[in-house]
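Notes follow once the structure below has been shown.
The values are calculated or read from the model by the stated rules, or taken from the named source; none is laboratory data. This is a predicted model, so every value here is computed, not measured. Reconstructed Cβ throughout: ideal geometry from the backbone, glycine too, with neighbour counts over all protein chains shown.
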Amino acid sequence: MRIIGGRLRGKAVNPPAGYKARPTTDFAREGLFNVLDNEYEFEDLKVLDLFGGTGAVAFEFASRGAARVWSVEMARENASFIKTEARRLGLDNVTMVRDNVFDFLSVCHERFDIVFADPPYALEGLETLPDKVYSADILHPGCYFILEHGDEHSFTEHPYFKKEKKYGRVHFSFFRKED
């Protein structure tokens with residue numbers, strides 16, 4: 001994997017063999033950030049990356065100038081890798097939170113400009129994630145929640161659904177609550 005854009009463009013992020021996470025592909029991440037580049041100036045953004053996995057999405061936001069990026073990951077090995085890689089890359093603006101995402105949502109008092117989630121595609125209750133994010137009241141008004149998912153889910157009927165982008169088998173559903 002590599003960082004696609006920003007000050008760390010081209011830097012490799014290589015989890016060890018046997019790493020237990022499905023990273024967002026470079027192709028899909030590049031497509032996602034092309035969409036976001038047209039809608040956001042990254043400087044001063046506060047971003048939350050749920051189900052941090054390899055940290056690639058958090059690192060991408062940080063490389064592009066986001067002021068603060070929180071990455072929430074429950075697996076000890078993954079959280080340790082994200083923390084170590086952020087330090088190696090000099091990303092002082094990335095904060096690793098080792099927690100269950102659903103527990104984190106119930107206690108988080110911060111508000112964010114973008115919330116991104118890349119849960120395991122087979123996660124039980126994945127279809128409820130947009131509602132859980134919005135009921136946690138962690139997004140500034142008019143800001144995106146972006147959910148990565150596979151072909152087996154569709155969110156087009158959700159009241160806050162705005163659009164979906166597909167890159168291979170990777171889907172990004174964009175949600176925005178207009179206030």
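Could you list, in sequence order, the residues of segment 21-60 that are of a type in the set (D, E, K, R), in contact with a helix residue (DSSP H, G or I) (Cβ under 7 Å, 6 or more places away or on another chain) and free of Cβ contacts under 8 Å to residues at least 60 places away in the same chain? Talk me through it step by step, then tell me what you get.
We begin by selecting, within segment 21-60, every residue of a type in the set (D, E, K, R); these are 22, 26, 29-30, 37, 39, 41, 43-44, 46, 49, 60.
With in contact with a helix residue (DSSP H, G or I) (Cβ under 7 Å, 6 or more places away or on another chain) added as a condition, the list becomes 29, 49, 60.
Correct list: R29, E60.
Taking segment 65-87 as the region of interest, how many residues are touching a residue at least 60 places away in the same chain (Cβ under 8 Å) and hydrophobic (A, V, I, L, M, F, W, C)?
Going through segment 65-87 one residue at a time, the tally reaches 1.
Could you list, in sequence order, all residues of segment 88-115 that are surrounded by 18 or more Cβ atoms within 10 Å (Cβ to Cβ) and among the aromatic types (F, W, Y)?
Listed by number, the residues that qualify are F104, F112.
May I ask you to list pairs of residues, at least six apart or on different chains, whose Cβ atoms are under 7 Å apart, with the first in segment 96-115 being over 19 Å from G65 (Cβ atoms) and the second being among the β-branched types (V, I, T) and in a strand (DSSP E or B)?
Here the result reads V97/V72; D99/V72; V101/V72; F104/V72; F104/V97, each pair linking segment 96-115 to a residue that is among the β-branched types (V, I, T) and in a strand (DSSP E or B).
Consider E127 carefully, then state whether it is among the acidic types (D, E), part of a helix (DSSP H, G or I) and modelled with pLDDT under 95. Steps first, answer last, please.
Details: among the acidic types (D, E): yes; part of a helix (DSSP H, G or I): yes; modelled with pLDDT under 95: yes.
Spelling it out, E127 is indeed among the acidic types (D, E), part of a helix (DSSP H, G or I) and modelled with pLDDT under 95.
Give me a count of the residues in segment 71-82 that are in contact with a strand residue (DSSP E or B) (Cβ under 8 Å, 6 or more places away or on another chain) and surrounded by fewer than 21 Cβ atoms within 10 Å (Cβ to Cβ). Steps first, please.
Let us first name the residues in segment 71-82 that are in contact with a strand residue (DSSP E or B) (Cβ under 8 Å, 6 or more places away or on another chain), namely 71-74, 76, 79, 82.
With the extra rule that they be surrounded by fewer than 21 Cβ atoms within 10 Å (Cβ to Cβ), the set shrinks to 74, 76, 79.
Total meeting the criteria: 3.
Look through segment 34-58, keep the residues that are assigned to a loop (DSSP other than H, G, I, E, B) and surrounded by 24 or more Cβ atoms within 10 Å (Cβ to Cβ), and return whichever of them is nearest to the chain's Cα centre (by Cα). Give the derivation first.
So the first thing to find is which residues in segment 34-58 are assigned to a loop (DSSP other than H, G, I, E, B), and the list is 38-42, 44-45, 51-55.
Next, only the ones that are surrounded by 24 or more Cβ atoms within 10 Å (Cβ to Cβ) stay: 52-53, 55.
Numbers: G52: 7, G53: 9, G55: 9 Å.
If we take residues in segment 34-58 being assigned to a loop (DSSP other than H, G, I, E, B) and surrounded by 24 or more Cβ atoms within 10 Å (Cβ to Cβ), then G52 is nearest to the chain's Cα centre (by Cα).
Suppose we keep only residues that are of a type outside the set (D, E, K, R) and surrounded by 17 or more Cβ atoms within 10 Å (Cβ to Cβ) within segment 137-152. Which one would you say is farthest from G52 (Cα to Cα)? Give the derivation first.
From segment 137-152, those of a type outside the set (D, E, K, R) are 138-147, 149-150; that's our starting set.
Retained after the next criterion (residues that are surrounded by 17 or more Cβ atoms within 10 Å (Cβ to Cβ)): 138-139, 143-147, 149.
Numbers: I138: 17, L139: 18, C143: 20, Y144: 17, F145: 15, I146: 13, L147: 12, H149: 14 Å.
This residue is C143.
If you check every pair at least six apart or on different chains, which have Cβ atoms under 9 Å apart with a residue in segment 144-160 that is under 9 Å from Y121 (Cβ atoms) first and a residue that is among the hydrophobic types (A, V, I, L, M, F, W, C) and assigned to a loop (DSSP other than H, G, I, E, B) second?
Correct list of pairs: E148/F51; H149/F155; G150/A122; E152/A122.
Restricting the search to segment 3-49, which residues are at pLDDT below 90, closer than 16 Å to A117 by Cβ and basic (K, R)?
The one that is at pLDDT below 90, closer than 16 Å to A117 by Cβ and basic (K, R): R22.
Which condition number does E85 fail, the rest of (1) of a type in the set (D, E); (2) in contact with a Lys or Arg (Cβ under 8 Å, 6 or more places away or on another chain); (3) not in a strand (DSSP E or B) being met?
If we test E85 against (1) of a type in the set (D, E); (2) in contact with a Lys or Arg (Cβ under 8 Å, 6 or more places away or on another chain); (3) not in a strand (DSSP E or B), just (2) comes out false.
Take G6 and tell me if it is in a loop (DSSP other than H, G, I, E, B) and in contact with a Lys or Arg (Cβ under 6 Å, 6 or more places away or on another chain).
Values: in a loop (DSSP other than H, G, I, E, B): yes; in contact with a Lys or Arg (Cβ under 6 Å, 6 or more places away or on another chain): yes.
In short, yes.
Can you tell me which of (1) part of a loop (DSSP other than H, G, I, E, B); (2) in contact (Cβ under 8 Å) with a residue 24 or more places away in the chain; (3) touching a helix residue (DSSP H, G or I) at 6+ places or on another chain (Cβ under 9 Å) is the one D92 doesn't meet?
(2)
Name the one entry in E164, E85, E127, E178 that is surrounded by fewer than 19 Cβ atoms within 10 Å (Cβ to Cβ) and farther than 19 Å from L36 by Cα. Let's see the steps before the verdict.
Numbers: E164 fails: farther than 19 Å from L36 by Cα; E85 fails: surrounded by fewer than 19 Cβ atoms within 10 Å (Cβ to Cβ); E178 fails: farther than 19 Å from L36 by Cα.
Only one candidate qualifies: E127.
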